[in-house]
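What follows is a single structure, written as structure tokens, with notes after it.
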Amino acid sequence: MIIPIYGYGEPVLRKVGEEVTPEYPNLKEIIANMYDTMYNAYGVGLAAPQVGLPIRLFIIDTEPFSDSDDLSKEEQTQLKSFKKTFINAKMLLEDGEEWSFNEGCLSIPDVREDVSRNERITIEYHDEAFNKKTEIFDGLIARVIQHEYDHIEGVLFTDKISMLKKTLIKKKLQNIMDGKAFPDYRMKFANKKGR
Ligand SMILES: [Zn+2]
């Protein structure tokens, strides 16, 4: 089921997510709804706070990135099949060189900015069956995970840009809060009731 995506300015996007227990109500259904909602909006990742839940859960499917021409065949193949659910993720290490990538966010439609992040991460998480894993990722996959991980820490990519750029997008962010944003997926806006 497709559910509304919470827009910039919604307080839940600023909460540090709580740990999820295996008994969390309707967890399987929540995850299924998040996948439906992410695919419907052509996203590559979605975090629980973006659908109104302040918990440490996010999902990723990098398939839409896989046909990018400036990637190696190997990277394309890797991105094509990378689909994962992260529960109670804990970032253990971010290292490697910092690099810039033009990021966007389903909660912040029509805003894209270059964000600098480390190339490689080591992350601990539980999968959907609550098996604990520790894995290393790099490149675009690490990038998407870092963006989604920020969501469960209450951080948005717009927090990571220069003061000047923040000033330049201020009006756009205000418009999103006021519900004056029109992506082709359902959203819930901070200052607009009844949608
Ligand atoms: Zn996002």
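Which cross-chain or sequence-distant (5 or more) residues have an amide H under 5 Å from the amide H of Ala89, H modelled 1.01 Å from N in plane?
Answer set, sorted by chain and number: His126.
For the chain, give the share of DSSP beta bridges that are antiparallel, in percent and rounded to the nearest 5; count only bridges with both residues there.
90 percent
Farthest toward the dipole's positive end in segment 1-138, which of Ser100, Gly7, Thr77, given Cβ charges of +1 (Lys, Arg) and -1 (Asp, Glu) about the Cα centre?
Gly7
If you place +1 on the Cβ of every Lys and Arg and -1 on the Cβ of every Asp and Glu, how big does the dipole about the Cα centre of the chain come out, in debye to the nearest 20?
1080 debye
Rounded to the nearest whole Å³, what is the per residue volume of the convex hull around the Cα atoms of the chain?
Cα-based convex hull of the chain, divided per residue, equals 122 Å³.
Note down the relative contact order for segment 1-102 as a percent, whole number, built from C-alpha pairs under 8 angstrom at least six residues apart.
Values: 133 pairs, mean separation 26.4, N = 102.
This gives 26 percent for segment 1-102.
Are any of the pairs Lys73/Lys132; Lys84/Lys165; Lys84/Lys193; Lys28/Lys188; Lys28/Lys192 more than 25 Å apart by Cα-Cα distance, and if so, which?
Details: Lys73/Lys132 30 Å; Lys84/Lys165 32 Å; Lys84/Lys193 33 Å; Lys28/Lys188 23 Å; Lys28/Lys192 30 Å.
Over 25 Å Cα-Cα: Lys73/Lys132; Lys84/Lys165; Lys84/Lys193; Lys28/Lys192.
Quick query: amide H of Asp114 versus all other amide H atoms, modeled in the peptide plane; which residues come in under 5 Å with a sequence gap of 5 or more or a different chain?
Answer set, sorted by chain and number: Glu103.
With no solvent and one point per C-alpha, what does the Debye sum give as log10 I(q)/I(0) for segment 117-195 at q = 0.11, 0.13, 0.17 Å⁻¹?
One equal scatterer on each Cα of segment 117-195 leads to -0.47, -0.63, -0.90.
When you have a sec, figure out the Kirkwood radius of segment 102-153 from all distinct Cα pair distances and drop it here in Å to one decimal?
12.4 Å
What ranking do 100-113, 174-187 get when scored by the average of other Cβ atoms within 10 Å per residue, highest first?
Per-residue Cβ counts within 10 Å, averaged per peptide and sorted highest first, yield 100-113, 174-187.
Restricted to Cα positions, what overall size does segment 1-82 have along the principal axes? Three whole-Å values, descending.
Sorted largest first, the three principal extents are 40, 30, 24 Å.
Hey, what number do you get for the chain at 222 nm if only DSSP H runs of n ≥ 4 count, each worth -39500 (n - 2.57), divided across all residues, to the nearest 500?
Computed ellipticity for the chain at 222 nm equals -8000 deg cm²/dmol.
Readers should treat all values here as calculations from the given coordinates under stated rules, not as data from a laboratory. In this text the structure is predicted, and so the values were computed from the model without any measurement. Positions of Cβ are generated from backbone atoms using ideal geometry, with glycine treated the same way; all protein chains shown enter the neighbour counts.
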